[in-house]
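Here, each number is a calculation from the coordinates, and none is a lab measurement. Computed from a prediction, not measured in an experiment: that's the story for all the values here. Cβ atoms come from the backbone with ideal geometry, glycine included; neighbour counts cover every protein chain shown.
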């Protein structure tokens, strides 16, 4: 870590760990550099953006100046307090990073990032390098050193640019503070010695946050996660992976509303090089069922209820305006734009913020919303009159549009089609409406819903099934496969022992499974992709591999499912996190990180294989058509 580092690129995606205060998140690499932090919440502009560029785009590194022989890191127990040990020839230095979580009731809380170095052995020279760049690296702040009371111990560094204000406090601070430069210091740390720094954000430079005690902040963060994880009731195989996945889902929760972002990052590419770069800092409706199940199955019922409540608030309004995703606060307009000044992760451009897919027609979300609210009723979260009225309004609109082609759950930017998964989820929407009337006594035109449900089912069985391939295809009349068809038994459209389900699972294994455990969403090539309208290949979507676990269990191949699950657990990085995708050729993570959908799928597979309150109690959702 010596020499001119001004143009260093970010590390491999799997080298990062997550910090969260339940409002925003930071990514810290094995090199001790925080390369991504948006303030004050997940979808706000960043102050550290090296992840999508170079050092000049903002980062905060604390690491030894001497070459590092080995890096060992871990979260303390099930918390998000991260410890990184740097082993050098001069000794061992420990870096402790955390953000203290604040639940929804604490409306005054502002983000605070705490970093502490501890001398473990020997004497190690440590270097701190602090480069703040607001507005995704575009805005260079005015930086100055401030002394509040005339004492050196009350000094801090203030960075201001428009509405953005950051305050750096610490036991020792850089001496030279100048506009447009990196702020650095080097300090020897002996065994038993400890130095701490805090980064605080505030919306008003005239009302700066009071200093905090770094030791207390770390203790409180650890206490929060220790108390929260006591709610987790899983005791089956691979418990550390399940616990870490549940903690990650909690960390991706925006506490003021209960919404869960798909990932805390934007524009991490699905392949390098490639242009499949999207902003995932929003809440997708299709995650709804898996979120509720993952949380409620293993004891996190309060979070499950908060997610359900966020969902109902977000989709409230004219059913014709239903979107596939919303902001963490329920915002509807997620306009997509490109940051042309950023070079992108490993040169992958464009760098996109916002997500144009929010305007797409994706019919599967109606099924997802109806499904999760049906499951909520089964779990003892009764509908209000307003909630059921909202669902009936959605069904009235779906009756008008369900015969249209759509863009599917993969949000393709190619032509609209009759995607099999979307059609199955239309069936789910009307099936859950029928069951709400029949099982829960809720009012509605059940006979009409039943007729549409049966019509959709007959259509799917006739037009999506390819007898030559002996599989359900990606879309009506096509010959390509789609891993989303693995979900057919889990949503109850057909039972696992149906020969068409078995044939589809086996076809997906033949055509989309590779490198033993990886499953592609669908086939992509480097030159042209007819379905999604994009160029280039992508990595394997990790959730699809977990879907294969579930599908194998459903068709009676449990031993194979358990073997696959164990191998997928081993793909996590050293602190138990997963990205969206995995590149089997390079052995690297790809896509946004950490990815809620990957962790959701892992938790659901654990429930399928090893128990807990499995999906819909399983007895009421056994895969038999109704």
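Of the residues 231, 250, the one with the fewest other Cβ atoms within 10 Å heads the list, and the complete ranking is 231, 250.
Under the simplified labelling scheme, the residue 171-residue 154 pair shows an inter-label distance of 2.2 nm, with each label point 7 Å from Cα along Cα→Cβ. Per-residue extension of 0.36 nm, minus the Cα-Cα distance of residue 210 and residue 313, leaves a gain of 33.6 nm for this segment.
Over the residues of the chain, the helix contribution to mean residue ellipticity at 222 nm works out to -9500 deg cm²/dmol, using -39500 (n - 2.57) for each DSSP H run of at least 4.
Here the range 104-142 is scanned for amide nitrogen atoms under 20 Å from the site 7 Å beyond the Cα of residue 89 along Cα-to-Cβ, giving 120-127.
The Kirkwood radius of the range 395-446, taken over pairs of alpha-carbon atoms, gives through the Stokes-Einstein law at 37 °C and 0.692 mPa s a diffusion coefficient of 268 µm² s⁻¹. This structure gives semi-axes √(5λ) of the Cα gyration tensor in Å, computed directly, and of (1) 49, 25, 24; (2) 51, 28, 24; (3) 44, 25, 23 that value is listed as (3). Compute the long axis of helix 558-569 from its Cα atoms, compare it with the longest principal axis of the Cα atoms of the chain, and write down the angle in degrees, 0 to 90, nearest 10. So the inclination is approximately 20 degrees. Its relative contact order, with pairs defined as Cα atoms under 8 Å and 6+ residues apart, puts the chain at 13 percent.
Considering every alpha-carbon pair of the range 219-293, the percent of pairs per 5 Å bin, from zero through the bin containing the longest distance, is 3, 12, 18, 20, 18, 14, 8, 4, 1. Across the range 156-276, the mean sequence separation of Cα contacts (distance under 8 Å, 6 or more residues apart), normalised by length, yields a relative contact order of 16 percent. Taking the Cα atoms only, what angle lies between the long axis of helix 596-610 and the longest principal axis of the chain, rounded to 10 degrees? Roughly 60 degrees between the two axes. Exposure proxy ranking for 30, 400, based on other Cβ atoms within 10 angstrom of each Cβ and starting from the fewest, stands as 400, 30.
When peptides 424-434, 278-288 are sorted by average Cβ neighbour count within 10 Å, with the highest value leading, the order is 424-434, 278-288.
The mean sequence distance of close C-alpha pairs (under 8 Å, at least 6 residues apart), as a share of the length of the range 1-140, puts its relative contact order at 26 percent. Segment residue 416..residue 462, full-extension length gain: 14.6 nm, with 0.36 nm per residue of separation and the alpha-carbon distance subtracted.
Ranked by how many other Cβ atoms sit within 10 Å of their own Cβ, fewest first, the residues 189, 315 fall in the order 189, 315. Compared with the dominant principal axis of the Cα atoms in the chain, helix 239-251 is inclined by about 80°.
Our estimate of slack between residue 145 and residue 506, defined as 0.36 nm per intervening residue step minus the Cα-Cα distance, is 123.5 nm.
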